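Structure first, then comments.
The values are calculated or read from the model by the stated rules, or taken from the named source; none is laboratory data. Since this is a predicted model, take the numbers as computed values, not measurements. Here Cβ is always computed from backbone atoms with ideal geometry, including for glycine, and neighbour counts include all displayed protein chains.
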Amino acid sequence: MVAPTDDSVASIGASEWVEFAGDEVRLAGQIDYPEAKRPSGGYPLIFVIQHGTSTSRQDYAHVSNFGTEAGCAVFRWDKRGTGKSGHGYQGSVERDTLLAYAYALSLPSINTAKVVILAQCEGTLLLAQSFADFSAIQQPLGVILAGNMLDADAITPLACPVHIVISKNDWNDWRTYAEKAADAHAQTHKQDASFYVATNTNRLLMYTSGNTFHKGSESSIKHWLKNTCQIS
């Protein structure tokens, strides 16, 4: 396991490759830092929970790009059996994700009071199922549900502000998984719940005409991040 870097190590605009212990498996990942000078309390963090068919952390290079542009550090990692992570036969992806979250929060450049979880597609299900466990490690400041799969009942465990981004072409109807889900969350927790519906995209929010992340979705997320994390 690679120990977290010392506070004195320069993190401006840097990428740090890390290995850490998962659930009976070695996991690999990286943290990308913005060009902005590190705030006195550390950088806000975006922690990624992957969709079901993600092959490696490279699937989330776009999150690193817009996240660091917004002033956040971004932690992305390879699920077991993908990228440079090990192929463990024991343990669970759910436990791996919690251990990855704890490791990301241990890095000294991070402001643990400003942690946002970005979960995509099947990752939204894992987040809701284990939200109490994530909160026991550190209550997130908010969550981004990209390609949300949580309906009005399933979203209620997320006891923090949420921002939903979903494709109009997703097989999950945006009126159920964005509009109604956000409304149910807001009524349950009396906290901010917003949503954005992307056109001309697949369910991963990539333009149907190419493998580029939807610009409107990116703008909505960056705007939400700056407000939620109070980034100037």
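Output the residue which, of all residues in the stretch 207-232 that are assigned to a loop (DSSP other than H, G, I, E, B) and farther than 14 Å from S167 by Cβ, is modelled with the highest pLDDT. Top of the filtered list is Q230.
Could you run through the stretch 179-220 and say how many residues are of a type in the set (K, R) and in contact with a strand residue (DSSP E or B) (Cβ under 8 Å, 6 or more places away or on another chain)? Qualifying residue count for the region: 1.
Table: residues versus (1) farther than 26 Å from A28 by Cβ; (2) surrounded by fewer than 21 Cβ atoms within 10 Å (Cβ to Cβ).
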position: S92; (1), (2): no, yes
position: S109; (1), (2): no, no
position: T112; (1), (2): no, yes
position: I137; (1), (2): no, yes
position: D153; (1), (2): yes, yes
position: P157; (1), (2): yes, yes
position: D170; (1), (2): yes, no
position: E179; (1), (2): yes, yes
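For the stretch 20-44, the candidate set comprises residues that are closer than 25 Å to K114 by Cβ and among the acidic types (D, E); within that set, the residue that is modelled with the highest pLDDT is D32. Just one of the numbered conditions (1) assigned to a helix (DSSP H, G or I); (2) touching a residue at least 12 places away in the same chain (Cβ under 8 Å) is not true of E19: (1).
Given the criteria under 18 Å from Q138 (Cβ atoms), surrounded by fewer than 20 Cβ atoms within 10 Å (Cβ to Cβ) and in contact with a helix residue (DSSP H, G or I) (Cβ under 9 Å, 6 or more places away or on another chain), does L99 qualify?
For L99, the condition - under 18 Å from Q138 (Cβ atoms), surrounded by fewer than 20 Cβ atoms within 10 Å (Cβ to Cβ) and in contact with a helix residue (DSSP H, G or I) (Cβ under 9 Å, 6 or more places away or on another chain) - is not met.
Within the stretch 118-140, which residues are of a type in the set (A, V, I, L, M, F, W, C) and farther than 14 Å from H189 by Cβ? Those that are of a type in the set (A, V, I, L, M, F, W, C) and farther than 14 Å from H189 by Cβ: L118, A119, C121, L125, L126, L127, A132, F134, A136, I137. Checking the stated criteria, Y60 turns out to be among the hydroxyl-bearing types (S, T, Y), in a helix (DSSP H, G or I), closer than 21 Å to C121 by Cα and at pLDDT 95 or above.
Taking the criterion of being part of a loop (DSSP other than H, G, I, E, B) and within 15 Å of I221 (Cβ to Cβ), the only residue of the stretch 186-201 that qualifies is D192.
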